[in-house]
Each structure stands twice: as structure tokens, then as C-alpha cells.
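Reviewing the structure listed below.
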Amino acid sequence: MNRRTFLQNSVLLGAGMGLGSIMPYGSVFGASGTRITILHTNDTHARIEPFPDSAPRYAGMGGVARRTALIRKLRAENPDSLLLDAGDVFQGTPYFNRYNGALDFEVMSKMGYDATTIGNHEFDNGVRGFEDVMNKARFPFVSTNYDFGTTQMGLRIQKFLIRQVAGVKIGIFGLGVAFDNLVLPHLHRGVTYLDPVEVSADTVALLKGYHKCDMVICLSHIGYRYNDDRVSDRVVAQQVDGIDLIIGGHTHTLMPEPELFEKSDGSKTWISQVGFAGIVLGRLDFYFDKDHRIASAHHHNYPVTESYA
């Protein structure tokens, strides 16, 4: 990518994209605390290769080889990390038409993804189409507000996950968008959508109350915000207590920095989303005190360019 093209893309990506910032959570905790790194993507949409240099937007950006190199570099820096995705792995390039998502799951497995949720485009080949390729993924799927009934999808997709990282107990659950006007009924036959707010409240109570999780992460494919009454990440953040981080998707929102919601009880929820097509890798570093409470957080977005190859 030449300098002019890179600068143009930097403008499109938004001011401050490559810069990190400190986001306090109570008192700032020093470098001696436990640091857990959350790396995240969303809406990668079968973008295996970088955008062509002739593309009108994001020329030369993205590509799984570059993303893999960047992920390996960051995980070498801090092995206490999770690599998460917020759905819509399927659809967008001829690679999906040829491999039906199998290739995406294979390369994500090689990258070391720890979990992803289910986006609306995961139904583009119907429930059976997803079932045909889901075993190519060597990582778990999590979806909490889709009831998979007796489908084979339901045998593979979990309602929530619990991961221990550096002694910190992290609960992860997933939200999917409503099917109306997005997924034809025959494509999601046997799968039912449930209210995200109600499901989130019940799941957080289970993860923090019963399972005693120190941190709760929501992988959301419901969208960042809307101008109508649709449920969004912002709605969930404001109405549901106990979610520490929402990693968003669906609206392809490229957020220069996470949005922070502070609750009356002193709890906080961050929302982060990094566009689409793997053009940016999001990173949040959370620092925990000796009692495994979040003391501070730091974020940094990485444009995926040839510099990481």
C-alpha cells in the first residue's frame, strides 16, 4: 500500500484508530496487576484475501495472513489472552460461494479463535448448510438468545462458556439479531429468536451469581445502535447490569474507541466494534486486582495492513 492510499484509508477508518487510551475502572491499577488481553473481530464476511489495491475503500487492507501474523505477535506479547469474534463469518466474497464457510472456519481455527457467536449470515445456506461445515471449526460457538430446538446446530452451539485465564474466571455468552427482514423463515427453520434483554439478564445472573465469574463478556450480533426501537448493544448495556464488555457486530460500526456506560451501582460496561471484513483487529487489555476485580482497561485498534505480514 502506498503512502497516499494508507493516509486515505486512515481518514476512512477514523481519527485515532491506531492510538490506544486508558479507560479507568475505579482506581487505576498498576503494571503489577493481572493483565488479560481481549482481541476481537466481527463481520469478517469471507474476506480471505486483502482488499485489492484498486478498491475504492480500504484498498490493500485486511487478509487472513496479515491478521494471523498480527494475532501471533500480540499473543506472544501476552499469552493471557482471548481471541473472540462477534459473528457473520459467512458471505461476502467468492470464497464463501465456493467453500460455504468451511474455509473461514479452518483459517479461524489456525488463528486460534477461542469463540464466536452466530450472525444472521450464518443462515445463508440454511440450518443444514451451517451443519455441513460447523465441524471445520476447532473452536466453540456460543449463542444464548437463539433456541436451536432439535437441530444439529444445537448440539454444537453452547448457551455460554466459562474460561479461566491467568486465574480469572470469564463468562462468555452470545446474542443474535432478530430474523425478521434478515433471514427467510425456511433458512432458520427449527431455530427461534428470543428477547436479548431478558436472556442477557438471566444469563448474567447465572454467570456472576451461580458460577461466580469475575468478568462477563457478551459476543453480540444485534447491532451497535438504531434510530428506532430495535434492541441494540447500547440498549443491552443500559438495561442489563453485570456485563463488563460487549463485543459487537452486525452494523459494521468502526468505533475509534470503546463506549463506556457507567451504572448507578458503580458497575461499568464497555462496547467495542471494529468495522467489518477483518480490516481492523480490536484489542482491550483489562487489569485485575488481587481479588480479580477489574481495576483498569486500555484499548488499541490495529488496522490490518501489510506492515504486520
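Structure notes:
- Pairs where the first residue, in the stretch 143-169, is under 17 Å from Gly126 (Cβ atoms) and the second is assigned to a strand (DSSP E or B) and of a type in the set (Phe, Trp, Tyr), C-beta under 7 Å, 6+ apart: Tyr146/Tyr193; Arg156/Phe141; Ile157/Phe141
- Scanning the stretch 267-291 for residues that are within 18 Å of Asp241 (Cα to Cα) and touching a residue at least 60 places away in the same chain (Cβ under 8 Å) yields a total of 3.
- Among the numbered conditions (1) touching a helix residue (DSSP H, G or I) at 6+ places or on another chain (Cβ under 7 Å); (2) in a strand (DSSP E or B); (3) not hydrophobic (A, V, I, L, M, F, W, C), the only one that Gly242 does not meet is (2).
- Scan of the stretch 283-296 for residues that are assigned to a strand (DSSP E or B) and either at pLDDT 95 or above or in contact with a Gly (Cβ under 7 Å, 6 or more places away or on another chain) (or both), ordered by number: Arg283, Leu284, Asp285, Phe286, Tyr287, Phe288, Ile294, Ala295
- Any chance Thr251 is more than 23 Å from Arg66 (Cβ to Cβ) and touching a Lys or Arg at 6+ places or on another chain (Cβ under 9 Å): yes
- Among residues of the stretch 257-267, those that are modelled with pLDDT under 95 and in a strand (DSSP E or B), counted: 1
- Filtered residues of the stretch 136-147 (kept if touching a helix residue (DSSP H, G or I) at 6+ places or on another chain (Cβ under 9 Å) and within 19 Å of Phe90 (Cα to Cα)): Lys136, Ala137, Arg138, Phe139, Pro140, Phe141, Ser143, Tyr146
- Check on Leu84, buried (at least 22 other Cβ atoms within 10 Å of the Cβ), outside any loop (DSSP other than H, G, I, E, B), at pLDDT 95 or above and of a type outside the set (Asp, Glu): yes
- Residues (of a type outside the set (A, V, I, L, M, F, W, C) and either touching a Gly at 6+ places or on another chain (Cβ under 6 Å) or surrounded by 21 or more Cβ atoms within 10 Å (Cβ to Cβ) (or both)) located in the stretch 268-282: Thr269, Ser272, Gln273, Gly275, Gly278, Gly282
- All of Val133, Val127 fail the test of being closer than 17 Å to Asp88 by Cβ, in contact (Cβ under 8 Å) with a residue 60 or more places away in the chain, aliphatic (A, V, I, L, M) and in a helix (DSSP H, G or I), apart from Val127.
Table: residues versus (1) among the aliphatic types (A, V, I, L, M); (2) under 17 Å from Leu83 (Cα atoms).
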| site | (1), (2) |
| --- | --- |
| Asp104 | no, yes |
| Ser109 | no, yes |
| Val133 | yes, no |
| Lys136 | no, no |
| Gly149 | no, no |
| Leu207 | yes, no |
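- Looking only at residues of the stretch 84-94 that are out of contact with any helix residue (DSSP H, G or I) (no Cβ under 6 Å at 6 or more places or on another chain) and free of Cβ contacts under 8 Å to residues at least 60 places away in the same chain, we find that the one that is nearest to Ile38 (Cα to Cα) is Thr93.
- Scope the stretch 188-227; condition of a type in the set (Val, Ile, Thr), within 23 Å of Thr150 (Cα to Cα) and either surrounded by 15 or more Cβ atoms within 10 Å (Cβ to Cβ) or free of Cβ contacts under 8 Å to residues at least 12 places away in the same chain (or both); matching residues: Val191, Val199, Thr203
- Looking at Pro185, Pro79, just one residue is without any contact (Cβ under 8 Å) to a residue 12 or more places away in the chain, within 30 Å of Arg283 (Cβ to Cβ) and more than 16 Å from the chain's Cα centre (by Cα), and that residue is Pro79.
- Screening Met108 with (1) over 15 Å from the mean Cα position of the chain (by Cα); (2) in a helix (DSSP H, G or I); (3) not basic (Lys, Arg) gives one miss only, at (1).
The values are calculated or read from the model by the stated rules, or taken from the named source; none is laboratory data. All figures in this text were calculated on a predicted structure; none of them were measured in a lab. Glycine also receives a Cβ, built like all others from the backbone with ideal geometry; neighbour counts cover every protein chain displayed.
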